[in-house]
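The block underneath contains the structure these notes are about, expressed in structure tokens.
The values are calculated or read from the model by the stated rules, or taken from the named source; none is laboratory data. No experiment lies behind these values; they were computed from the predicted model shown. Positions of Cβ are generated from backbone atoms using ideal geometry, with glycine treated the same way; all protein chains shown enter the neighbour counts. Ligands, DNA and RNA are excluded from the accessible area calculation, which covers all protein heavy atoms including side chains. Shrake-Rupley method; radii C 1.70, N 1.55, O 1.52, S 1.80 Å.
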Amino acid sequence: MPAMYALTPRCTLPPVHRRAPPPCRAASPTPAALARADPDELRSTWPQRAWMLAGSAAVLSSLSASASLAADSGSYAEPLAAALAAYTVADLATGVYHWLVDNYGDASTPLVGAQIAAFQGHHRHPSTITRREPCNNLHALARAVALALPAVEGAAAAAHAPAAAHAFAGTFAACVVLSQQFHAWAHEKRRRLPPGIEALQAAGVLVSRAQHAAHHRQPYSTNYCILSGVWNGVLDRHKVFEALEMVVFFRTGVRPRSWDETQAAWMEDTSGAAAVTAIAVTDSS
């Protein structure tokens with residue numbers, strides 16, 4: 001009887017040593033930030049109101065400069081076009097920033113660690129944003145505008161920039177700050193929306209509840225833009241963020257969180273009476 005041999009394929013390539021994926025969503029300091037917010041933490045404080053006032057003053061100063069220059073030139077078409085462009089670019093900017101903080105860094109990351117923790121905690125308890133008072137919700141962005149916009153305006157004035165430049169800067173800053181309020185309305189129940197907001201969402205002027213609800217489904221890798229959402233379709237259809245993630249991975253070896261299975265601590269909490277209904281597409285209340 002002929003001898004039988006077991007043939008075992010061999011490979012001359014060196015073995016691939018796969019490193020363990022990084023912890024999903026955040027480092028150890030972050031989970032504490034995912035606990036339900038205390039009611040006092042949702043109320044506006046006087047320092048937060050002060051930052052909102054400072055940010056609003058910076059925006060109004062910028063738009064006033066634009067209006068004054070437009071009046072001197074007798075033409076308002078360019079500033080209005082610049083404002084529309086700023087509104088569109090601001091939506092893209094919110095998407096890029098949202099993608100970054102959702103996928104990279106953790107609570108210990110310098111400068112933006114607190115925002116990373118807050119965005120990821122938002123995935124755990126999405127409806128909390130609807131209970132925040134306006135200054136509480138917007139003050140961090142208003143602070144950034146209050147510090148950055150005067151410098152931008154000073155440079156524009158020194159360069160004798162036209163009215164359109166001031167209009168772009170002021171409108172962009174205002175839209176970035178207000179995007180967080182539009183984000184909150186995208187989680188709010190219909191019956192609690194201010195008059196006219198639902199119509200603006202339906203018209204695509206503000207990001208809609210249905211569109212933003214798609215972002216809150218695993219792996220949380222689509223519909224990042226939260227101003228009007230006009231860029232979401234283009235970015236997702238052409239897989240722009242997926243391409244950027246590949247570039248980051250091949251250059252640095254850092255994986256985005258959306259590539260890994262979401263840890264339970266970062267998934268939406270749907271237990272108890274606080275189950276999130278604000279992002280449900282079928283909510284008809």
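Shape call for segment 84-217 from the C-alpha gyration tensor, a ≥ b ≥ c root eigenvalues: rounded (a/c under 1.5), prolate (a/b greater than b/c) or oblate? List each step's numbers first, then the result.
Working: a/c = 2.07, a/b = 1.32, b/c = 1.56.
Oblate, because a/c is 1.5 or more while a/b does not exceed b/c.
Just add up the charged neighbours of A202: K/R +1, D/E -1, any other residue whose Cβ is under 13 Å from the Cβ of A202. Walk me through the numbers before you get to the answer.
Values: positive: R190, R209; negative: E198.
Around A202, the charge tally is +1.
Tell me, what HN-Hα J-couplings in whole Hz come from the Karplus equation 6.51 cos²θ - 1.76 cosθ + 1.60 at θ = phi - 60° for each residue of segment 69-78, using x for Gly and Pro?
5, 5, 5, 5, 7, x, 10, 10, 5, 5
Please report, largest first and rounded to whole Å, the three semi-axes of the ellipsoid equivalent to segment 36-121, where each semi-axis is the square root of five times an eigenvalue of the C-alpha gyration tensor.
Details: eigenvalues 236, 76, 20 Å².
Result for segment 36-121: semi-axes of 34, 20, 10 Å.
What accessible area per residue comes out for segment 78-194, rounded to a whole number of Å², with a 1.4 Å probe?
Working: 4870 Å² over 117 residues.
Per residue, segment 78-194 has 42 Å² of solvent-accessible surface.
What whole number of Å gives the distance from the Cα centroid of segment 201-257 to the Cα centroid of segment 72-123?
Between the Cα centre of segment 72-123 and that of segment 201-257, the gap is 13 Å.
Obtain the nm distance between the two label points defined at L42 and V112 by a simple spin-label model: each point lies 7 Å from its Cα along the Cα-to-C-beta direction.
Simple spin-label model gives 2.8 nm for this pair.
Summarise the accessible area of segment 170-254 (1.4 Å probe, protein heavy atoms) by the percent that is carbon and sulfur.
Numbers: 2560 of 4070 Å².
So the carbon and sulfur contribution to the accessible surface is 63 percent.
Put a dot 7 Å past each Cα toward the Cβ at R190 and R237; how far apart are the dots in nm?
If labels sit at R237 and R190, their model points lie 2.7 nm apart.
Protein chains only, probe 1.4 Å: how do S44, S73 rank by accessible area, largest first?
On the way: S44 20, S73 85 Å².
The residues order as S73, S44, largest area first.
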